[in-house]
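Report on one structure; see the data block that follows.
Readers should treat all values here as calculations from the given coordinates under stated rules, not as data from a laboratory. Predicted model only: the values in this text are computed from it and were never measured. Quick reminder, even Gly has a Cβ in these numbers, built from the backbone with ideal geometry, and neighbours come from all protein chains shown.
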Amino acid sequence: MNRKSKAELIIICSLIILLTGCWDSINIEDRAYVIGIAIDEYPPLPQGLKNEENILENEQERMFESSTEVNAGIPSYAMTIQIPIIKHASLPNILSGGASEPSTLKTWDITQVGNSFIEINRSIATRINLIPYYEHLQVIIISENVARKGLRNILDFFIRDPEMRSRTKLFIAQGSAKKVLDVIPRIEDYASIYLAKMPRSARVNAEIIHWTDLGQAVQAIYSKEDFHLPAIEVTEFEIMNKGAALFKDDKMIGWADGKDVEVLKLMHNVFLGGVLTSDFVTDEHDSENDVMSLEIIKAKTKITPIVQGDDITFKIDINIKGNYSEGVNHPLTDKIDQEFIEKAEKAFEKSIKDQCIETIEKMQNMDMDVFHFSTAMRTKQPSYWAKIKDKWDNIFPDVKTEVNVKVAIKQIGNMQ
């Protein structure tokens, strides 16, 4: 066999290998694409509440009436998956609530109870004629009751499964997680996609958390850091951002409102944009409704730990650049000169400083180091940190803070 024939044989053999295809491939039409997951707790209702809370009992029965039995023990969780019905995607959203005809539903929401999520997943496969596929999963919604008991066992399955993506977004629901998937959006086909896109609004509203990844939550849990996840609340047609859920270790311990979220984002240097307000600065405007608005262009925060003996102080320097965007009850004919701008900057600085101090004290009272002061101490005072790291939970509530805010107004709009 000459050299040319050998080369041709090698090429042919290579093509046979490369063009064979995947032996374990599954056709697209044979997959059930899961785009959203809701996780609720599943304890039986306490006996004493059954007669008093008939509505709640009936709702729970309807929620899980189609679930198959678990293999062993009492089920702890109820997981609902949302699968889009592709052939119904072009239908208009004309439904209200949960009442609808099967021929007009845009999603198939399947609820299954169980003790472990791999068991639940396998049980779901017995109820549908397609294979559940999670690589396109957009959101995981966890109810408040489940979150307060801990996320470690829940997220363990999702982070290990090869089909799951670490960028999947996590949300904490005030109330039932399944109700979030029941929402019928006005401008989106599926509640899961609608919810996944909501963090984009963080660029115009600083009260919205934009980082919600599964991978980041797992990293925080295993690093034993306090962290927060976005909180949501639902109505029939809307999903609303409601601040943040606060976590210590893996358990939820409380809520933070929208103003607290603004401070958290400032501290973490992830303030993408938004509007901050302040009382008006001129003496002749004494109405409680007289406010000014500052549209944030850029925000930068530096946290420096200062150790003097046993006293710890965190110096927090916040620099903000923004545009004067609105003056409520401020006549357009009023003069906006350099003196006014300087007074406005001072007013915004005071307003932001007061809110920062209020949020810091609130977190200290809850023993929640969501600002990661411990990280600043570990990186900038490593020798001292080595002495106190085991006692940090006792030290953090009593540390002092010094907040310095500098605001620079760059533009005042189109007014001359």
### Task
Give the stretch 229-256 a look and list any residue that's farther than 17 Å from ALA147 by Cβ and touching a Ser or Thr at 6+ places or on another chain (Cβ under 9 Å), or say none.
GLU236, PHE237
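Scan the stretch 373-416 for residues that are in a loop (DSSP other than H, G, I, E, B) and buried (at least 17 other Cβ atoms within 10 Å of the Cβ) and jot them down. Outline the logic, then answer.
Here is the first cut: in the stretch 373-416, the ones in a loop (DSSP other than H, G, I, E, B) are 381, 399, 413, 415-416.
Matches in the stretch 373-416: GLN381, VAL399.
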### Summary
Filtering the stretch 168-187 for residues that are surrounded by fewer than 18 Cβ atoms within 10 Å (Cβ to Cβ) and without any contact (Cβ under 8 Å) to a residue 60 or more places away in the chain leaves a count of 2
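From the list ALA196, ALA244, pick out the single residue that is within 27 Å of THR359 (Cα to Cα), within 15 Å of the chain's Cα centre (by Cα), crowded, with 16+ Cβ neighbours inside 10 Å and of a type outside the set (Lys, Arg). Let's see the steps before the verdict.
Values: ALA196 fails: within 27 Å of THR359 (Cα to Cα).
Criteria check complete, one pass: ALA244.
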### Query
Quick check: anything in the stretch 219-235 over 30 Å from GLY322 (Cβ atoms), of a type in the set (Ser, Thr, Tyr), surrounded by fewer than 20 Cβ atoms within 10 Å (Cβ to Cβ) and in contact (Cβ under 8 Å) with a residue 12 or more places away in the chain?
yes
